[in-house]
Amino acid sequence: SLASTAITCFTRGLDLRKETEDVLCPANCPLWQFYVFGDGVYASLSSVCGAAIHRGVITNAGGAVRVQTLPGQENYPAVNANGIQSQVLARWASSFSVTPGTKNMALEAVGRSVSTARPSTGKRPKKPLDKKAGNKDCKADIAFLIDGSYNIGQRRFNLQKNFVGKVAVMLGIGTEGPHVGVVQASEHPKIEFYLKNFTAAKEVLFAIKELGFRGGNSNTGKALKHTAQKFFSLENGARKGIPKIIVVFLDGWPSDDIEEAGIVAREFGVNVFIVSVAKPTTEELGMVQDIGFVDKAVCRNNGFFSYHMPSWFGTTKYVKPLVQKLCSHEQMLCSKTCYNSVNIGFLIDGSSSVGDSNFRLMLEFISNIAKAFEISDIGSKIAAVQFTYDQRTEFSFTDYITKEKVLSAIRNIRYMSGGTATGDAISFTTRNVFGPMKDGPNKNFLVILTDGQSYDDVRGPAAAAQKAGITVFSVGVAWAPLDDLKDMASEPRESHSFFTREFTGLEQMVPDIIRGICKDFLDSKQ
């Protein structure tokens with residue numbers, strides 16, 4: 001009989017390799033955290049165990065499930081069943097169905113704890129075949145930011161190295177598992193090694209042992225900012241779509257401001273954890289710039305990202321709980337940034353007053369905005385609608401899922417020429433372009449470009465769009481009335497409406513719009 005594979009609460013259909021796979025779901029998964037799309041036939045983006053509970057194949061006590069891969073389809077429906085609300089998805093490339101697994105298969109994995117940091121895969125392989133691959137269930141690119149200041153001293157620095165080494169080994173580093181690097185914070189930060197340098201635990205362990213103590217002030221803020229900006233580049237080994245994590249070790253307190261560094265890290269999509277060791281003594285507290293420094297620097301001040309150890313002695317029992325946190329990729333809330341988690345719809349005025357060459361300048365403007373975002377099936381998405389009295393969807397959010405294809409689709413938009421009914425166009429876009437994305441994970445933005453007075457009311461349709469959760473930016477050129485621009489824009493209207501006399505003035509507005517989208521995105525997440 002086939003052995004069933006023990007999976008986690010968050011394993012998705014697309015994480016499974018075989019056409020038909022027998023899996024074992026753990027008990028007590030948090031129902032509210034499940035992402036499930038469809039009913040009966042589930043998009044492969046869905047959690048397998050979530051779909052099985054939704055379908056009634058198992059309860060929250062877990063159990064054996066058989067997963068069958070199916071082709072993709074359109075319009076996965078949203079249905080509430082067995083305590084799980086599934087979501088709508090317009091289309092996806094593959095699907096799966098779930099049926100009860102057979103009991104004897106389940107027995108092979110019984111007696112093993114499924115919820116450990118390294119989910120087991122049924123039977124132990126006879127040979128350690130996959131030692132190189134590492135723990136595939138732990139998706140993380142991690143920088144350990146260690147304390148190399150005079151605060152900690154040489155002796156505790158060595159204990160810190162031992163602890164980091166144990167964490168690195170337990171993570172299950174490998175080509176397909178977590179990758180790690182180390183940065184030392186002291187007077188000036190030093191990147192000791194990058195993610196790409198080692199992909200085996202043995203090598204990492206050796207590199208950690210070799211680290212020399214630098215001394216100086218613990219300029220943790222400076223080091224955190226430097227790491228967030230420089231460490232995770234693709235050429236240094238960061239991987240697309242894998243959560244970026246910085247684990248900051250702090251002995252006592254930081255000697256500089258770490259709040260700003262925390263903001264920079266969040267902007268770069270990095271999840272910051274702080275492991276604080278030995279709280280500052282009463283005398284030292286006078287030197288701490290900000291007693292709430294941990295809360296200000298971590299990814300989210302929700303308790304998950306801060307970790308305290310009373311001293312560097314007897315730290316072994318703290319290794320496993322930290323590893324479990326670092327491997328919970330569904331909890332990495334800061335991986336979502338404005339660059340990879342927005343839908344931006346462009347509404348382009350194609351009226352006769354624009355003219356052919358100015359229409360090209362408008363297309364260039366929207367290309368330059370789109371270029372800034374990480375467009376992919378799991379990232380940001382772009383759509384475009386052109387309008388006169390009539391509307392034409394040039395492409396919808398699900399039509400193109402790579403940046404190259406989106407940019408070429410924008411280049412190929414043909415100028416319509418005609419009247420100006422902006423209000424109607426806003427209603428059309430809200431309904432037909434944003435409607436299907438309503439329950440998706442991304443935040444929705446609409447950028448309206450127009451060069452003149454609308455023949456119909458814009459205020460009502462714009463208010464309806466905003467009520468539907470769409471943030472509206474209005475960009476006016478030439479004869480566009482300022483009142484219309486303000487009436488369409490989201491609050492605060494000053495920062496969401498733009499105007500230029502000439503079409504050539506569009507170019508310098510690009511950074512302002514990108515910054516505006518990012519600011520709104522971050523504000524919505526607080």
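Okay, here's what the table says:
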{"quantity": "Virtual spin-label span in nm between L70 and R501, 7 Å along Cα→Cβ", "calculated": "6.2"}
{"quantity": "Segment 141-331: relative contact order as a whole-number percent, Cα under 8 Å and 6+ apart", "calculated": "23"}
{"quantity": "Accessible area in the full protein assembly, largest first, 1.4 Å probe, for M362, M416, M437", "calculated": "M416, M437, M362"}
{"quantity": "Efficiency of FRET between D390 and N82 - r from beta-carbon atoms, R0 51 angstrom, step 0.05", "calculated": "0.65"}
{"quantity": "Above-threshold pairs, the threshold being 31 Å between Cα atoms, out of K244/K519; K166/K525; K190/K405; K225/K486", "calculated": "K166/K525; K190/K405; K225/K486"}
{"quantity": "Mean Kyte hydropathy of 0.0 or more with a Cα span along the axis of at least 18 Å, helices from DSSP in the chain", "calculated": "356-370, 510-525"}
{"quantity": "Range of Cα positions in segment 148-234 per principal axis (Å), largest first", "calculated": "37, 29, 16"}
{"quantity": "Surrounding net charge for N302, when Lys and Arg each add one and Asp and Glu each subtract one, Cβ distance under 15 Å", "calculated": "+4"}
{"quantity": "Two-site label geometry, L14 and D356: point separation in nm, points 7 Å out along Cα→Cβ", "calculated": "4.2"}
{"quantity": "Intensity falloff of segment 135-190 expressed as log10 I(q)/I(0), Debye formula with alpha-carbon point scatterers, at q = 0.14 Å⁻¹", "calculated": "-0.43"}
{"quantity": "Size of charge dipole - segment 141-331 - debye, nearest 20, with Cβ of Lys, Arg +1 and Asp, Glu -1, no other charges", "calculated": "620"}
{"quantity": "Kirkwood Rh in Å, taken over segment 53-106 so that all alpha-carbon pairs contribute", "calculated": "12.5"}
{"quantity": "Prolate/oblate/rounded call for segment 446-498, Cα gyration tensor, a/c under 1.5 rounded", "calculated": "oblate"}
{"quantity": "Ratio Rg/Rh [Cα only; Rh per Kirkwood] for segment 141-331", "calculated": "0.92"}
{"quantity": "Segment 367-455: radius of gyration and largest Cα-Cα distance (Dmax), Å", "calculated": "13.3, 39"}
{"quantity": "Hydrodynamic radius of segment 5-100 per Kirkwood, over alpha carbon pairs, in Å", "calculated": "12.6"}
{"quantity": "Exposure ranking of E494, E21, E394 by accessible area [1.4 Å probe, largest first]", "calculated": "E494, E394, E21"}
{"quantity": "Radius, Kirkwood style, for segment 411-450 when every pair of distinct Cα atoms is counted (Å)", "calculated": "12.2"}
{"quantity": "Solvent-accessible area of L363 with every protein chain in place, 1.4 Å probe, in Å² to the nearest 10", "calculated": "10"}
{"quantity": "Per-peptide average of other Cβ atoms within 10 Å, ordering 376-387, 42-53, 513-524, 339-350 highest first", "calculated": "42-53, 339-350, 376-387, 513-524"}
{"quantity": "Reach of K209 by Cα under 18 Å, taken over aspartates and glutamates that are not fewer than 8 positions away in the same chain", "calculated": "D147, E192"}
{"quantity": "Mean separation of Cα contacts under 8 Å, 6 or more apart, over the residue count of the chain: relative contact order %", "calculated": "9"}
{"quantity": "Peptides 467-473, 153-159 ordered by average Cβ neighbours within 10 Å, highest first", "calculated": "467-473, 153-159"}
{"quantity": "Convex hull projection area averaged over all views, the chain, Cα basis, nm²", "calculated": "26.6"}
{"quantity": "Net charge over other residues, Cβ less than 13 angstrom from the Cβ of P441 (K, R count +1; D, E count -1)", "calculated": "+2"}
{"quantity": "Accessible surface of R392 - all protein chains present, 1.4 Å probe, nearest 10 Å²", "calculated": "90"}
{"quantity": "Bridge type composition, the chain - antiparallel percent by DSSP, nearest 5", "calculated": "35"}
{"quantity": "Stokes-Einstein diffusion coefficient of segment 342-524, Kirkwood radius over Cα pairs, 25 °C, 0.890 mPa s, in µm²/s", "calculated": "155"}
{"quantity": "For G423, net neighbour charge (Lys/Arg +1, Asp/Glu -1) across residues whose Cβ lies under 11 Å away", "calculated": "-4"}
{"quantity": "Area of E507 that stays accessible when all protein chains are in place (1.4 Å probe, Å², to 10)", "calculated": "130"}
{"quantity": "For the chain, calculated [θ]222 nm from helices alone, where every DSSP H run of n ≥ 4 adds -39500 (n - 2.57)", "calculated": "-8000 deg cm²/dmol"}
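The values are calculated or read from the model by the stated rules, or taken from the named source; none is laboratory data. Everything numeric here is computed off the predicted structure, so don't read it as measured data. Counting neighbours? That spans all protein chains shown, and the Cβs are built from the backbone with ideal geometry, glycine included. For the accessible areas, the whole protein counts, side chains as well, though only heavy atoms, and no ligand, DNA or RNA atoms are used. Shrake-Rupley method; radii C 1.70, N 1.55, O 1.52, S 1.80 Å.
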